[in-house]
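Visitor: Structure incoming, see below.
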Amino acid sequence: MIQFNEIKVGDYLIADNDGDKKQGEVTNLNRNEKQVCVDTGAQEFWYETDQLIAIPLDDDQLTKLKFHKSEDEDGTVKYMKGAFRIRLHAKDDFSRFEIWYRDEHRQILHPIQVHHLQNHFYEMTKVHLNDESFD
């Protein structure tokens, strides 16, 4: 289950409305009721945190987030978006990797979800990952 305190406006999550699961973007938070408003493209709706599912970070999700991928001969894979970098030590292994932006480097020592990457990205760049102007 996703903890309410780790969800930010702009994060991508899967909303489960009685078995109908759709990926959407968090548009608002109700801190008093601990509810999350998610826009799935069809509609905006308020959800409890137990109705939200995190999206695992993988190659497909990074492609959707408009990262550019490059592979080195030694098996190292880099994903780039502007000056922000993600470096995998082995192809398709998102269990341990590093991220950096300018002088700030972070080691990620366990698999993370898309909304965690979005939160790291924002903390490091002060720009939302889904901001089209950041490239």
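The values are calculated or read from the model by the stated rules, or taken from the named source; none is laboratory data. None of the values given here were measured: they were computed from a predicted structure. Because the Cβ atoms are built from the backbone with ideal geometry, glycine has one as well, and the counts that use them run over all protein chains shown.
Visitor: Do we find a residue being more than 16 Å from the chain's Cα centre (by Cα) and either surrounded by fewer than 13 Cβ atoms within 10 Å (Cβ to Cβ) or modelled with pLDDT of 95 or more (or both) anywhere in the range 92-100?
Guide: yes
Visitor: Taking the range 79-93 only, how many residues are of a type in the set (Phe, Trp, Tyr) and either outside any strand (DSSP E or B) or out of contact with any strand residue (DSSP E or B) (no Cβ under 9 Å at 6 or more places or on another chain) (or both)?
Guide: 0
Visitor: Next question. Is it the case that Gly41 is loosely packed, with under 12 Cβ neighbours inside 10 Å and either assigned by TED's automatic domain parsing to the domain that holds Lys21 or touching a residue at least 60 places away in the same chain (Cβ under 8 Å) (or both)? First the steps, then the outcome.
Guide: Values: loosely packed, with under 12 Cβ neighbours inside 10 Å: yes; either assigned by TED's automatic domain parsing to the domain that holds Lys21 or touching a residue at least 60 places away in the same chain (Cβ under 8 Å) (or both): yes.
Spelling it out, Gly41 is indeed loosely packed, with under 12 Cβ neighbours inside 10 Å and either assigned by TED's automatic domain parsing to the domain that holds Lys21 or touching a residue at least 60 places away in the same chain (Cβ under 8 Å) (or both).
Visitor: Looking at the range 64-77, is at least one residue under 23 Å from Ile14 (Cβ atoms), charged (D, E, K, R), out of contact with any Cys (no Cβ under 6 Å at 6 or more places or on another chain) and without any contact (Cβ under 8 Å) to a residue 12 or more places away in the chain? Walk me through how you get there before you give the answer.
Guide: First, pick out the residues of the range 64-77 that are under 23 Å from Ile14 (Cβ atoms): 64-67.
Now drop any that are not charged (D, E, K, R), which leaves 64, 66.
Filter once more, so that each one left must be out of contact with any Cys (no Cβ under 6 Å at 6 or more places or on another chain): 64, 66.
With the extra rule that they be without any contact (Cβ under 8 Å) to a residue 12 or more places away in the chain, the set shrinks to 64.
Looking for residues that are under 23 Å from Ile14 (Cβ atoms), charged (D, E, K, R), out of contact with any Cys (no Cβ under 6 Å at 6 or more places or on another chain) and without any contact (Cβ under 8 Å) to a residue 12 or more places away in the chain, one finds at least one in the range 64-77, hence yes.
Visitor: Go through the range 88-131 and report how many residues are free of Cβ contacts under 8 Å to residues at least 12 places away in the same chain and of a type in the set (D, E, K, R).
Guide: Our first condition is that a residue be free of Cβ contacts under 8 Å to residues at least 12 places away in the same chain; within the range 88-131, this holds for 93, 97, 103, 105, 107, 123, 126-127, 131.
Those left that are additionally of a type in the set (D, E, K, R): 93, 103, 123, 126, 131.
Looking only at that region, the number is 5.
Visitor: Quick one: which residue in Gln61, Gln35, Gln43 is within 30 Å of His105 (Cβ to Cβ) and not acidic (Asp, Glu)? Outline the logic, then answer.
Guide: Working: Gln35 fails: within 30 Å of His105 (Cβ to Cβ); Gln43 fails: within 30 Å of His105 (Cβ to Cβ).
Of the residues listed, the single one that is within 30 Å of His105 (Cβ to Cβ) and not acidic (Asp, Glu) is Gln61.
Visitor: Out of Phe67, Phe121, which single residue is buried (at least 17 other Cβ atoms within 10 Å of the Cβ), under 24 Å from Asn5 (Cα atoms), among the aromatic types (Phe, Trp, Tyr) and within 16 Å of the chain's Cα centre (by Cα)? Even if it seems obvious, please write down each step before you answer.
Guide: On the way: Phe67 fails: under 24 Å from Asn5 (Cα atoms).
Going through Phe67, Phe121 in turn, just one is buried (at least 17 other Cβ atoms within 10 Å of the Cβ), under 24 Å from Asn5 (Cα atoms), among the aromatic types (Phe, Trp, Tyr) and within 16 Å of the chain's Cα centre (by Cα): Phe121.
Visitor: Across the range 1-30, what is the total count of residues that are farther than 16 Å from Asn130 by Cβ, of a type outside the set (A, V, I, L, M, F, W, C), touching a residue at least 12 places away in the same chain (Cβ under 8 Å) and not in a strand (DSSP E or B)?
Guide: Number satisfying all stated conditions: 2.
Visitor: Quick one: Gln35 ticks every box in (1) surrounded by 13 or more Cβ atoms within 10 Å (Cβ to Cβ); (2) under 14 Å from the mean Cα position of the chain (by Cα) bar one, so which box is it?
Guide: Gln35 satisfies all of (1) surrounded by 13 or more Cβ atoms within 10 Å (Cβ to Cβ); (2) under 14 Å from the mean Cα position of the chain (by Cα) except (2).
Visitor: Among the residues of the range 91-114, count how many are in contact with a helix residue (DSSP H, G or I) (Cβ under 7 Å, 6 or more places away or on another chain) and not aliphatic (A, V, I, L, M).
Guide: Going through the range 91-114, the residues in contact with a helix residue (DSSP H, G or I) (Cβ under 7 Å, 6 or more places away or on another chain) turn out to be 92, 99, 101, 104, 106, 114.
Narrowing the set further to residues that are not aliphatic (A, V, I, L, M) leaves 92, 101, 104, 106.
Residues flagged as in contact with a helix residue (DSSP H, G or I) (Cβ under 7 Å, 6 or more places away or on another chain) and not aliphatic (A, V, I, L, M) within the range 91-114 amount to 4.
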